[in-house]
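The values are calculated or read from the model by the stated rules, or taken from the named source; none is laboratory data. All values reported here derive from a predicted model rather than from experimental measurement. Note that each Cβ is placed from the backbone with ideal geometry, even for glycine, and that neighbours are counted across all protein chains shown. Quick note on the areas: whole protein, heavy atoms, side chains included, nothing else; ligands and nucleic acids left out. Shrake-Rupley method; radii C 1.70, N 1.55, O 1.52, S 1.80 Å.
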Amino acid sequence: MSTTPRTDHPSSGEAPLADQATISAEIAAHAAEYARSGRERLGPLLNYPPYRSSLLRHPTKAPFQVDPETLERFAPVFGHSDVDPLEADLTIQHRGEPLGERIVVTGRITDGDGRPVAHQLVEIWQANAAGRYIHQRDRHPAPLDPNFTGMGRCLTDANGVYRFVTIKPGPYPWRNHTNAWRPSHIHFSLFGRAFTQRLITQMYFPGDPLLPLDPIYQSITDPKARERLIATYDHDLSQPEWCTGYRWDIVLTGNLRTWMEPTE
Ligand SMILES: [Fe+2]
């Protein structure tokens, strides 16, 4: 069966795609270099060669500084009344139920000293159970689910706890190299107190065999920082006859912080 290339990654007219063995060898070489260097590196390498397009689009200039107060005069605002608690359940947005494994994903957002980050906007987006996004550029020949949009949001409570009900996303192919597959993941955005504080990252699932092969996940060269992006299966969160449960805590500052995508 032929597959239709996704158009948001290197394709025709560019260098031929590497195979997984080549990418895996490059990942191993970078991991060995990191181990040898003895450096403390929490974040990802922004120009990480195994993640091919990062070479072309990583920032090469210092971030553009904006005055948060000026920006806030024009930026969107939201109030408590704008975020409906039902928006945290991605399985009830349509007439029917989405296909896939129903899951609860919850955790605490704290600062480096364990203080809760309360009443903060948390947004998620993800592929459906078949690994397909509702996006016109997603050409993965897997079925769309008419009962799943894949976006939700909630506010953390006074203890910094967020909670979503969704379905487990499937892995999907991308054109970084031949036979490249993203591990199952959920994208997270934390709004902060102002638009200039927005942080974005990805949550992964334990035991995913694609994690060692994925150049995006592996671009975080510190193994401990990588592992903090993987949720924990928590049987106490699973509900009888209803869903399984995953816990994923997010730490915003300090040595144990959760890695976030660099802001541009
Ligand atoms: Fe994704």
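Checked against the criterion of being at pLDDT below 75 and open to solvent by 70 Å² or more (accessible area, probe 1.4 Å), the candidates Gly13, Gly43 yield just one match: Gly13. Filtering segment 229-259 to residues that are within 26 Å of Arg39 (Cβ to Cβ) and open to solvent by less than 30 Å² (accessible area, probe 1.4 Å) leaves Leu229, Ile250, Thr258. Taking Gly100 as the residue in question, decide whether it is in a loop (DSSP other than H, G, I, E, B), open to solvent by 40 Å² or more (accessible area, probe 1.4 Å), within 30 Å of Ala142 (Cα to Cα) and in contact (Cβ under 8 Å) with a residue 24 or more places away in the chain. Spelling it out, Gly100 is indeed in a loop (DSSP other than H, G, I, E, B), open to solvent by 40 Å² or more (accessible area, probe 1.4 Å), within 30 Å of Ala142 (Cα to Cα) and in contact (Cβ under 8 Å) with a residue 24 or more places away in the chain.
Please work out if Ala127 is aliphatic (A, V, I, L, M), buried (at least 21 other Cβ atoms within 10 Å of the Cβ) and farther than 20 Å from Arg198 by Cα. The answer is yes for Ala127. Among the residues of segment 228-264, the ones that are over 19 Å from Glu123 (Cβ atoms) and within 13 Å of the chain's Cα centre (by Cα) come to 2 in all.
Here Ala231 fulfils each of the conditions (1) within 14 Å of the ligand (Cβ to nearest atom); (2) within 30 Å of Gly96 (Cα to Cα) apart from (1).
Considering the conditions (1) away from the ligand (no atom under 16 Å from the Cβ); (2) closer than 19 Å to Phe188 by Cβ, Gly114 is excluded by exactly one of them, (2).
Restricting segment 184-228 to residues that are surrounded by fewer than 18 Cβ atoms within 10 Å (Cβ to Cβ) and of a type in the set (Gly, Ala, Ser) leaves a set whose member that is farthest from the ligand (Cβ to nearest atom) is Ala194.
With the condition kept exactly as written, say whether any residue in segment 152-167 is within 13 Å of the ligand (Cβ to nearest atom) and surrounded by 18 or more Cβ atoms within 10 Å (Cβ to Cβ). Checked against the condition, which is being within 13 Å of the ligand (Cβ to nearest atom) and surrounded by 18 or more Cβ atoms within 10 Å (Cβ to Cβ), segment 152-167 yields no hits at all. Checked against the criterion of being assigned to a loop (DSSP other than H, G, I, E, B), open to solvent by 40 Å² or more (accessible area, probe 1.4 Å) and within 16 Å of the ligand (Cβ to nearest atom), the candidates His135, His119, His94 yield just one match: His135.
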